[in-house]
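Trainee: Here it is, the structure in full.
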Amino acid sequence: MQLTPEQKAQIAREKAANPDRRSFTIESTPEQSEFLRRARDAEEADKEATRVRVLRHKSLLAEGTFGGSLRRAIKADGRTWAEHEQASGVPAGRVESFYFGDLELTLDETNRLVASLGLQLVPVGA
């Protein structure tokens, strides 16, 4: 946010009068106030989106499904997305997007990821 020439002059006067002060209060222009309001609104929207994503991710990890089990195995494995890509051949971005529930992997990708994690599908009760 750019300061107006008047604001810069006000700060210079206040610095000269109070050389030990580190902060000064200035009046915002309507444009500056609108800029700050939009920035605060965007920050709040980002926080809410992050909160929703975290809650969604927690619910995906808790699922009693094959996908939930695979996500828990990925988390427990501790490798980076790039290391998963290197081990499985599945692009890191796709592994990460699957992990956070943003996309589903193809069967081929799932097979390669499962193999790289050393997992196998076992019938319940076997």
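Trainee: I need the full set of residues from region 86-102 which are closer than 27 Å to Leu55 by Cβ and either assigned to a helix (DSSP H, G or I) or of a type in the set (Asp, Glu) (or both), in order please.
Mentor: Kept after step one, since they are closer than 27 Å to Leu55 by Cβ, are these residues of region 86-102: 90-102.
Within region 86-102, Ala92, Gly93, Arg94, Val95, Glu96, Ser97, Phe98, Tyr99, Asp102 qualify.
Trainee: I'd like to check something: does region 27-40 contain any residue that is assigned to a helix (DSSP H, G or I) and in contact with a Gly (Cβ under 9 Å, 6 or more places away or on another chain)? If you could, list the steps in order and put the result at the bottom.
Mentor: So the first thing to find is which residues in region 27-40 are assigned to a helix (DSSP H, G or I), and the list is 30-40.
Keeping just the survivors that are in contact with a Gly (Cβ under 9 Å, 6 or more places away or on another chain) gives none.
There is no residue in region 27-40 that is assigned to a helix (DSSP H, G or I) and in contact with a Gly (Cβ under 9 Å, 6 or more places away or on another chain).
Trainee: Tally up the residues in region 112-126 that are farther than 19 Å from Leu61 by Cα and assigned to a helix (DSSP H, G or I), please.
Mentor: Of the residues in region 112-126, 3 are farther than 19 Å from Leu61 by Cα and assigned to a helix (DSSP H, G or I).
Trainee: Now a separate question. What's the number of the condition Leu105 fails, among (1) within 22 Å of Thr50 (Cβ to Cβ); (2) of a type in the set (A, V, I, L, M); (3) touching a Phe, Trp or Tyr at 6+ places or on another chain (Cβ under 7 Å); (4) free of Cβ contacts under 8 Å to residues at least 40 places away in the same chain?
Mentor: Unmet condition: (1).
Trainee: What do you reckon, is Gly64 within 30 Å of Pro123 (Cα to Cα) and not in a helix (DSSP H, G or I)? Break it down into steps so the answer makes sense when it comes.
Mentor: Numbers: within 30 Å of Pro123 (Cα to Cα): yes; not in a helix (DSSP H, G or I): yes.
Taking the combined requirement at face value, the residue satisfies it.
Trainee: Enumerate the pairs (first residue in region 24-47 and of a type outside the set (S, T, N, Q); second residue anywhere and in a helix (DSSP H, G or I)) with beta-carbon separation below 8 Å, excluding pairs fewer than 6 apart on the same chain, so at least 6 apart or on different chains.
Mentor: Phe24/Gln10; Phe24/Ile11; Phe24/Glu14; Phe24/Lys15; Ile26/Gln7; Ile26/Gln10; Ile26/Ile11; Glu27/Gln7
Trainee: I've got another one for you. Identify all residues within region 63-74 that are surrounded by 11 or more Cβ atoms within 10 Å (Cβ to Cβ) and more than 12 Å from Glu96 (Cβ to Cβ); write none if there are none. Can you show your working first?
Mentor: If we filter region 63-74 for residues that are surrounded by 11 or more Cβ atoms within 10 Å (Cβ to Cβ), which is where we start, we get 63, 66-74.
Selection gives Glu63, Phe66, Gly67, Gly68, Ser69, Leu70, Arg72, Ala73.
Trainee: Within region 26-62, can you find the residues that are surrounded by 14 or more Cβ atoms within 10 Å (Cβ to Cβ) and within 30 Å of Ala115 (Cβ to Cβ)?
Mentor: His57, Leu60, Leu61
Here is a yes/no grid of residues against (1) modelled with pLDDT of 95 or more; (2) more than 20 Å from the chain's Cα centre (by Cα):
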| site | (1), (2) |
| --- | --- |
| Phe66 | no, yes |
| Leu70 | yes, yes |
| Glu83 | yes, no |
| Ser88 | yes, yes |
| Leu107 | yes, yes |
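The values are calculated or read from the model by the stated rules, or taken from the named source; none is laboratory data. Remember, it's a predicted structure, so these values are computed and weren't measured experimentally. Counting neighbours? That spans all protein chains shown, and the Cβs are built from the backbone with ideal geometry, glycine included.
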